[in-house]
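Reading through the C-alpha cells given below for one structure.
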Amino acid sequence: MLEPQFEPALAGRAEPANTYITLREISTRGMIDLRGHTSDRKFMAAAKEVLGVDLPKAPRTSHGFGDVKVLWLSPDQWLVICARDKAPELAAALSKALAGIHSLAVDVSDMRAILRLEGEGAREVMMKSTSLDFSDEDFAPGYVRRVRFAEIAALFNIVEDNVIDVYVFRSYAHYAMDFLTKAARKGSEVGLFKKG
Amino acid sequence: MLLVTCPVCNATGDETDFHFGGQAHVARPATANPEGITDEQQRDYLFARINPKGLHFERVRCDRGCGKWFHAARDTMTMEFKAFYGITELPPDDVIAQAKGGWAEYFAMRKKKQK
Amino acid sequence: MTGKPYRLAEGGSRIDRAKRVTFSFDGRDIQGFAGDTVASAVLASGQKVFGRSYKYHRPRGVMGLGSEEMNALVGVGADAKREPNLRANQVEIYQGMVSESQNRWPSLTFDIGGINNKLSRFFPGGFYYKTFMWPKAFWKHVYEPVIRKAAGLGKAATGRDPDNYEHMHIHADVLVAGGGLAGILAAEAAAKAGAKVVLMDENPVLGGIADLTAGMINGACVADWLAPKIAELKAMPNVHVLVRTTVVGHYHHNFLMAAERVADHDPSLLAAGAPRHRLWKIRASHVIMATGALERPIAFANNDRPNVMLASAVRALVGRYGVSPGTNGVVFTNNDDAYLTAFALKKAGVNVQVVDSRARPDGELVARAQEEGIAVSLSSVISAVEGTLAVKAVKIAAYRKGQGRVITEKRVECDFIASSGGWNPVLHIWAHNAGKIKFDDGLQSFRPDTHNAAMTAVGAANGTMSVEATIAEAQAAGEAAAKSVLKKAKAVKAEKLEVKEPRRAALESLWFAPATGAYNEGNKHFIDFQNDVTAADLELAQREGYESVEHTKRYTTYGMATDQGKTSNINGLGVLSEATGKTIPQIGTTTFRPPYTPYSFGAIAGSLTRELFLPVRRTAVYQWHIDKGATWEPVGQWRRAYTYSGAGETKHQSITREILAVRNKVGLLDASTLGKIEIKGPDAAEFLDRMYTNTFSTLKVGKCRYGLMANELGFLTDDGVTVRLAEDHFLMHTTSGGADRIAAWLEEWLQTEWTHYKVFVTPVTEQWSQFGLAGPKARDVLAKLAPDFDVSNEAFPHMSFKVGKLGGFPVRVFRISFSGEQSYEIATPAGYGLSLWKAFLEAGAEFGIEPYGTEALHVLRAEKGYIVIGDETDGTTTAEDVGMGGMVSKKKADFIGKRSMEQAELKRAGRKQLVGLLTEDPNEVLPDGAYAVAEVKDKPPMKMIGQVTSTYMSPTLGRSIAMALIENGRARMGETISFPLEGGKVVRAKITDTVFYDKDGGRINA
C-alpha cells in the first residue's frame, strides 16, 4: 500500500541557474482561503481569536504574527498563510469558531504554488512580468496584490525589500517558473533607476 | 491601454487587469417580478442598449484584483473616466448632469421612481 | 576602394579612427570605423546606390539624417537572423556584420525592374486600381505574384528567430520622448523638481542635432554646453535614460510604447544574455514631446537621384563621420538653415555653392556665406539633375515665387546635392491619440495644438526653432510637468545663460521647383520616395476627383509604409494646395498612426514564444502521463491525456483497450481539470436554484445531483454534478473549460443582481487532484485501499458522497458516473495526487486496472447518450433540444434563462433535437459535423436538416454510433436519413434514441 507522499508543484525540477535573481519554489506553506465580511464584527473577532492576528482591513496589506500571516485579498476574502502541516487543523478551528457566522474557510494549501524571487533585481523582474510600478513607495514589505502576471493570474506579496513571493495556481507553476527564468536571465538586467 | 481605478479596493491598473461587463444599469425584469414579463420587455433586457457618442456608463470587474464589480462613467470620445462608483449605486449627481440622450432619459426616469 | 576622397582627412565626432571595423554590404567587405553607420561607411567607400525604388526601380541612395530615411533601407543579418527594412543611416556597424541592399535584381547598378521607369507613363497614381482589374483570376495567379517579386521591400528572415526579446513596464512622473537640447533640458528641470523622469531617444547618443545647430551658449557651442548636462542627467537617481529606444506610439491615458534596440549594435551582448530588442510599456503622468523636427526635401525634377540628400544629412555625415558625399556639392534651399551645411562642407575642404529660391533673404547666415566666399545664387532653383546612378550636374534656373516654368537656366557640374525645404516638427506621437495640430505659416508646417492627455511639446517638435526659446520653453515645461504631477515639487533655480544665435531670414515655401523641358516630361518630382509618388500623381488624383486628402493618400499610396508622412506629408499637401487653390489648413492632413518607426515582431511577441507562447496547465499526474506515452488533448489551457498507446499499439487500438477495460474490469481517469467551486451561506440553496435550471434546494446532505446551467438567453452553457456538503454548503463541479467562467458567473450574479444573498463562492479547482475510478471492479479497488467508510452499494449508492480517508490519503469520494459503469470520483489534495494515482494502479493491478484517456471517456459517455456541453450544444441549444426538458423546473418562479425559454422561438416545433444514429453499415463512422439533408440531390443546394454532434466506433457494441441534432428528431424515431459527404458518398443512418448501452442503468447502480 502506497502512503501519501507530498509532491510540490515543481517537484523534480532543477532550480534555475544563470539568472540574476534567485528563483525557487516554497513548498512548506499551508494556505487557508477565508471568506467573511470586514463589517461583521463577530466574524473579525472570531477569526482573530483563532489566528492570533487581526485580519487586515486595508486593501493590499498583510498582517503577520509568528507562523501565521494573513494576506488581504478583497473586502471579504483573506489568505491565511501558516506552516503546511498546521493548515488542516487551523482550517478546522476556523470553521468551528465561525460556526453560525456567515463565512467560509477552506484549506487550499495545494491550490497554489509559491515562487520566491530574491535579489536586488526582484522588483525589476516583476516589472517585466506585470504592469505595476514596483519602484513606487507603496510597494513596501507587506504589500499584497492580485494581478495579471505574464499571461496568467497571480498574487504576490513583498516579503522583504528584495524578496517577493508570487503565488500562482498550481497548474501554472511550470509556466510561471519558465517565464521568470527567462525574464531574470543574466545579461537581460535593465538596471532601472539604479546608479553607480 | 486605459487606466482604471477600482472604487472598492482603490487599486489603479491597466485595463487588462479588469474585465468589462457591458452597459451599466440594465434592470433584470425577472428579479423584480418573474410573472408577466412581456416579450418586448425581455427583448429590451437582453438586447436593447444605449450606445452613445460621449458619456457612457459601463460595468467593470476588478478581475485580477479584489474581484468586485463596479460601475464606470466613460466618455467614449476622449476615453476619459468621469467617475467610478459602486455596483449598486447611481453615478454622482454632477456626472448624471452631463448625461445626454438615452442616458439622460434613463436617469430622469430613475429620479422620478425615487420620488 | 580606398574611401578617398569620401572619407575626409579629419573630423567625425562619432567615429573612432583608431578602431577599424570590417563588415559586408552585398557580399563586399567594407572598412569603416567604430561608430560608423552602414550609410556613412558605405558612402565613405564611394558607393552611392543603396537600393531600388518600390515601383519604378529607380536607383536610390541615402537621403536622410535619421528615421525619415526612406530610400537606403537595408537588410541586416543572415537567414533566421535577418531583419529587413532597416535605415542604413541608423544601423551601427560592428565587426563581421552582414548587410545587403534590397529590392534589386540582379544588382544595384543593373536592375531589370528599372524597365518600369521607362514605362512609367503606364504606372500613374492609382495604377493598382486601374490596371490588373481583369480578368479576375489573373490577380491571384499572374499579377500579384509578379508584382510581389518586382516591387516590395526586403526579404524576411528564414527560420525561427534564435534571439530573445522581452517586454518591460515602466512608470514615470514625466516621460520625455527625445533627447536633444529640448528633451534634456526638460528632463533636467523635471528631475530637479523631484519628478521620476524617463528619457528615451532613438539615437545611440543623446544630444539630438545640437551638434548640427548654430549658436553659442555661455561662450560654448550648443553641443559642448550640453555635454556636461547629459552626464549630470544620467547620474541622477530619479532619472532613467534609454538610448536606441524609439517611442513608437502614444495611446489612451498616457500609455506609450517604445522599442529599444538593445543588442543590434553589439552582438556580444546577445551572447551575454541580453534580449535583442526590448519593448517598453510606459505609463506616464505627464509626457513631454521633444521629438525634434525632420528636414523636408524639395520637390525638384529627379530629386531622388543617388547623392541628393537632405542638408542636415550631409552636415551630419561631415560632422559626425568625417564623410563627404562628394567633392563638389550644391546646397539647394528655401531657408537659412541649409547654409550651415555649406559652411561645414567648406570647412572640410569640399567645394560648395548655394542655390536659394528666395529673392532677398536678409539673415546673418546668408551674409556670412557671402563673407566666406561661398557662391550663392538667389532667386534660383534646381531645374534638372543629370546622372542616373549618381549626380553628375544640375541645371540652375532663375525663379520667382510661384513660377511654374523655366525661362533661363545654366548647367553646373557637381556630384551631390544637399537640399532643404524647411523643417517639419515631429508630431506623430502627439497625433497618434487625437492630439490636435495646427498649421504654422512661419514654418509652413503643422505644429502641436491642444491635447486631451497631459502632454506638452517643446523645442523643434513644438515648432520652436531658436536655441534661446527652446531652452526657456523646455525648462519651463519640465518644471511645470513636475509641479502638475508631484504633491510637492522642489523649486528649480534658474541658470544664468547668455545665448547668441544668428538672426534668420524667413523661410519661403517652395512646393514645386520648375523643371527643364515641357511640363513633367522625363522629370519626376518625388513627394513620397518610398512609394514612388510624384507631384504629378497627386495632381492627377485631384483631377480625377479625389478631393479629400485621405482619399488621395489611399489612391496614390502617398504617406504610407514606413514613411508615415515623415518627409512626404507637407510636400504633398503643398502640391495639393497649389493644384486646388486651397490653403494647406483647408486641405487638412492625413492621420498619423503608430508606430512612428517600424519595430520587430520579436519585440511585439516579447518573451511569449516557444514554451511561453501559451500557458500550459499541468495536473499533478502530468509527468506520469508523459512517461506512459500519453498523447495530449488540449482542454482550455490544460493538457489531458487523450490515450496511452503502448509499444506497437495504434491510438485506435489503445482507445479500444481502454474502453473495454472500463466496461469489463476497471479504468482510472485523471479528471483533475474539472471545475470545483465551494458555495456556502444561508442562501446557498436558493442561489443554486437560481443558477441551475433544475432544483437544488431539495437535495439531501451527502447526496449528488447533476445540474444544467443556461444563460439568460435560455441556452445551455455548462453542466456538472453538485454535492450538498452541509445544509448551507455545496460543492459544485463544472466542465473543465468552464471552471473560471462559471466561478465568475456566480460571483457576477451575487454581486450585481441578488446582492442580499448571504453566499460565499470560493473556487477550489486546483486544490484537488480528482480521479475517476470506473468499471465493474471499481468498488473492489476502492475497498482495497482501506477506506475508513463503508463502500458497500447500500451504504454508498450511486449519486452519494463520502468524506474520509483511503489509507493515509484524505479524500472526498463521489459516487457519480460519466461512463454508465459503477463509478467513483476520488479527490485528494493535489500534492498527494501522484501518489494516490499510483496507489490506485497498484491496488487495481489484480483487477486489471488500466488508465484511460479522454477519448475513451468520450466514447463511453456517448455509448450512454450523455451530452457534452460544446459538442451536443453550440450556444443556441436548449435543454429541451437535447431531450433534457425534464431538468427544467416548472415549479421555480425564477432561474437564469427561464423567461427566455418561454419565448416562442425556443418552444417552436421543428427545432433541432438530439437523437441517436445507427448507420446502415455498422463499420461506417460518420464524420463529425456531417450534415443530414432532407433529400439527396446530384449537387448542392440541398436542404439541411441537422448535423452530427458526436460520432464514434463503439467497441462495446462492436459498431458505430453517433448523436446528432436533427430537425424534429424525436418525432422521427426509426426514420433513415442521409448524410452526403464530400466526394459524392452518401451515408444512411437510422434515427434512434441516444442511449445505446445499458438502457435500464443496471450497471451504474451495481
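Only the coordinates and a few stated rules stand behind these numbers; no lab work does. A quick note: this is a predicted structure, and the numbers were derived from the prediction, not measured. Here the Cβ positions follow ideal geometry from the backbone for every residue, glycine too, while neighbour counts run over all protein chains shown.
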Report the one residue of C:Pro361, C:Val331, C:Ala348 whose Cα lies farthest in the direction of the positive end of the charge dipole of region C:319-366 (charges on C-beta: Lys and Arg +1, Asp and Glu -1; origin at the Cα centre). C:Ala348
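Out of all DSSP beta bridges with both ends in region C:160-312, state the antiparallel percent to the nearest 5. Write out the running numbers ahead of the final one.
Details: 15 of 36 bridges.
Antiparallel bridges: around 40 percent, rounded to the nearest 5.
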Can you tell me the equivalent ellipsoid semi-axes for chain A? Use √(5λ) from the Cα gyration tensor, largest first, whole Å. 31, 21, 12
From the square roots a ≥ b ≥ c of the eigenvalues of the alpha-carbon gyration tensor of region C:909-1006, which class results: rounded (a/c under 1.5), prolate (a/b over b/c), or oblate? oblate
Here the cysteines of the protein assembly as shown lacking a cysteine partner under 4.7 Å (Cβ to Cβ) are A:Cys82, C:Cys221, C:Cys414, C:Cys704
All other residues with a Cβ under 13 Å from the Cβ of C:Pro787 taken together, and with Lys, Arg as +1 and Asp, Glu as -1, what is their net charge? +3
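Looking at chain C only, what percent of DSSP beta bridges run antiparallel? Nearest 5 please.
Here the share of antiparallel DSSP bridges comes out near 75 percent.
Report relative contact order for chain C in percent, whole number only (criteria: Cα-Cα under 8 Å, sequence separation at least 6).
9
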Rounded to whole Å, √(5λ) for the Cα gyration tensor eigenvalues of region C:311-420, largest first, gives 21, 18, 11
Sorted by Cβ density within 10 Å, fewest first, the residues A:Lys186, C:Lys553: A:Lys186, C:Lys553
Relative pair counts by distance (%), Cα atoms of region C:616-747, 5 Å bins: 2, 10, 16, 17, 15, 13, 12, 9, 5, 2, 0, 0
What Kirkwood radius, in Å to one decimal, follows from the Cα pairs of region B:1-64? 14.0
Report the paramagnetic label zone for C:Glu712: residues of region B:25-44 whose backbone N is under 13 Å from a point 7 Å from Cα along the Cα-to-Cβ axis. B:25-32, B:41-44
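Once you compute Rg and the Kirkwood Rh from C-alpha atoms, what is the Rg to Rh ratio for the protein assembly as shown?
Working: Rg = 36.8 Å, Rh = 35.7 Å.
Taking Rg over the Kirkwood Rh, I get 1.03.
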Which loop-located chymotrypsin sites (Phe, Trp or Tyr not before Pro) does region C:415-445 contain, where loop means any DSSP state but H, G, I, E or B and the Cβ has at most 16 other Cβ atoms within 10 Å? none
Zone of C:Glu748 (label point 7 Å along Cα→Cβ, backbone N under 14 Å): which residues in region B:53-78? B:59-63, B:68-70
Once label points are set 7 Å from the Cα along Cα→Cβ at both B:Thr12 and C:Leu497, what is their separation, rounded to one decimal in nm? 3.1
Would you mind giving the mean number of other chain beta-carbons within 10 Å of the Cβ of each residue in C:829-842, as a whole number? 5
Please report, to one decimal in angstroms, the Kirkwood hydrodynamic radius of region C:721-838 built from all distinct Cα-Cα pairs. 15.6
Backbone N under 20 Å from the B:Lys100 label point (7 Å along Cα→Cβ), restricted to region C:436-469: C:436, C:451-453
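Which value, in debye to the nearest 20, describes the size of the charge dipole of the protein assembly as shown about its Cα centre when Lys and Arg Cβ atoms bear +1, Asp and Glu Cβ atoms bear -1, and nothing else is charged? Write out the running numbers ahead of the final one.
Details: 161 positive and 152 negative charges, 281 e Å.
Dipole about the Cα centre, nearest 20: 1340 debye.
Based on the Kirkwood radius over alpha-carbon pairs, what is the Stokes-Einstein translational diffusion coefficient of region A:29-107 at 4 °C with 1.567 mPa s viscosity, in µm²/s?
Details: Rh = 12.0 Å.
This corresponds to a translational diffusion coefficient of 108 µm²/s.
Highest mean first, what order results for C:161-168, C:373-380 on Cβ atoms within 10 Å?
Numbers: C:161-168: 20.1, C:373-380: 16.4.
My ranking of the peptides, most packed first, is C:161-168, C:373-380.
Volume per residue, Å³, of the convex hull around the alpha-carbon atoms of region C:427-545? Walk me through the numbers on the way to the answer.
Working: hull volume 19.5 nm³, N = 119.
Roughly 164 Å³ of hull volume per residue.
How would you rank C:928-939, C:904-915, A:115-126, C:296-307, highest first, on the average number of other Cβ atoms within 10 Å across their residues? Please list the in-between numbers first.
On the way: C:928-939: 13.5, C:904-915: 15.4, A:115-126: 21.8, C:296-307: 25.9.
Ranked from most to least packed, the peptides come out as C:296-307, A:115-126, C:904-915, C:928-939.
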Gap separating the Cα centres of region C:775-830 and region C:922-953, nearest whole Å: 41
Take the alpha carbon gyration tensor of region C:287-357, find the square roots of its eigenvalues, order them as a ≥ b ≥ c, and report rounded if a/c is under 1.5; if not, report prolate when a/b exceeds b/c, else oblate. oblate
For C:Lys496, the lysines lying under 26 Å Cα to Cα, once residues fewer than eight places off in the same chain are dropped, come out as C:Lys192, C:Lys196, C:Lys229, C:Lys234, C:Lys483, C:Lys488
Most mobile listed residue (B:Arg28, B:Arg43, B:Arg74) in chain B, GNM with C-alpha springs under 10 Å: B:Arg43
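Percent relative contact order of chain B, based on C-alpha pairs within less than 8 angstrom and at least six residues apart? Display every interim value, and only then the final one.
On the way: 165 pairs, mean separation 25.7, N = 115.
Computed value for chain B: 22 percent relative contact order.
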Global size of chain C as Cα Rg and Dmax, reported in angstrom: 37.9, 114
Highest GNM mean-square fluctuation, chain A, Cα pairs closer than 10 Å: which of A:Ser27, A:Ser109, A:Ser135? A:Ser135
Remind me, relative contact order of region C:207-285 in percent, using alpha carbon pairs under 8 angstrom and six or more residues apart? 20
Once Rh is set to the Kirkwood radius over Cα pairs, what Stokes-Einstein translational diffusion coefficient, in µm²/s, holds for region C:777-874 at a temperature of 25 °C and a viscosity of 0.890 mPa s? 169
Counting all C-alpha pairs of region C:525-585, share separated by more than 14 Å (%): 44
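Can you bin region C:357-410 into rounded, prolate or oblate? Criterion: square roots of the alpha carbon gyration tensor eigenvalues sorted a ≥ b ≥ c, rounded for a/c under 1.5, prolate for a/b above b/c, oblate for the rest. It would help to have the intermediate numbers written out before the result.
On the way: a/c = 2.90, a/b = 1.36, b/c = 2.12.
In terms of gyration-tensor shape, oblate.
So, R0 is 41 Å and r is the distance between the beta-carbons of C:Glu10 and C:Ser484; what FRET efficiency does that work out to, to 0.05? Present the calculation step by step, with values, prior to reporting the outcome.
Details: r = 48 Å, r/R0 = 1.16.
After rounding, the FRET efficiency stands at 0.30.
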Charge dipole of region C:909-1006 about the Cα centre (unit charges at C-beta), most positive-ward option of C:Val986, C:Ala932, C:Ile961: C:Ala932
Mind checking Rg over Rh on region A:72-139, alpha carbons, Kirkwood formula for Rh? 1.10
If you place +1 on the Cβ of every Lys and Arg and -1 on the Cβ of every Asp and Glu, how big does the dipole about the Cα centre of region A:29-107 come out, in debye to the nearest 20? 160
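Multiply the residue gap between C:Asn218 and C:Lys985 by 0.36 nm, knock off their C-alpha separation, and tell me the result in nm, one decimal place. Please report the intermediate quantities before stating the final value.
Details: separation 767, 0.36 × 767 = 276.12 nm, distance 9.10 nm.
Once the chain is fully extended between C:Asn218 and C:Lys985, it gains 267.0 nm.
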Could you check the spin-label model distance between C:Glu794 and A:Ala58? Points 7 Å from the Cα along Cα→Cβ, value in nm. 6.3
What does the charge dipole of chain A about its Cα centre add up to, to the nearest 20 debye, if the Cβ of each Lys and Arg holds +1 and the Cβ of each Asp and Glu holds -1? 260
The pairs in C:Lys281/C:Lys566; C:Lys680/C:Lys802; A:Lys182/C:Lys838 lying past 22 Å Cα-Cα in this model are C:Lys281/C:Lys566; A:Lys182/C:Lys838
Taking every alpha carbon pair in region C:573-675, what does the distance histogram look like in 5 angstrom bins from 0, in percent? 2, 9, 12, 11, 10, 7, 5, 5, 5, 5, 4, 4, 4, 5, 4, 4, 2, 1, 0
Please name whichever of B:Gly102, B:Leu2, B:Ala24 sits farthest to the positive end of the charge dipole of chain B, dipole taken about the Cα centre and charges placed at Cβ: Lys and Arg +1, Asp and Glu -1. B:Gly102
Label points 7 Å out from Cα along the Cβ direction at C:Ser978 and A:Lys42: separation in nm? 7.2
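What's the ranking of B:47-55, C:972-980, C:636-644 by average number of surrounding C-beta atoms within 10 Å, highest first?
On the way: B:47-55: 13.7, C:972-980: 16.1, C:636-644: 21.7.
The peptides rank, most packed first, as C:636-644, C:972-980, B:47-55.
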When you look at the Cβ of every residue in B:15-24, what mean number of other chain Cβ atoms sits within 10 Å? 2
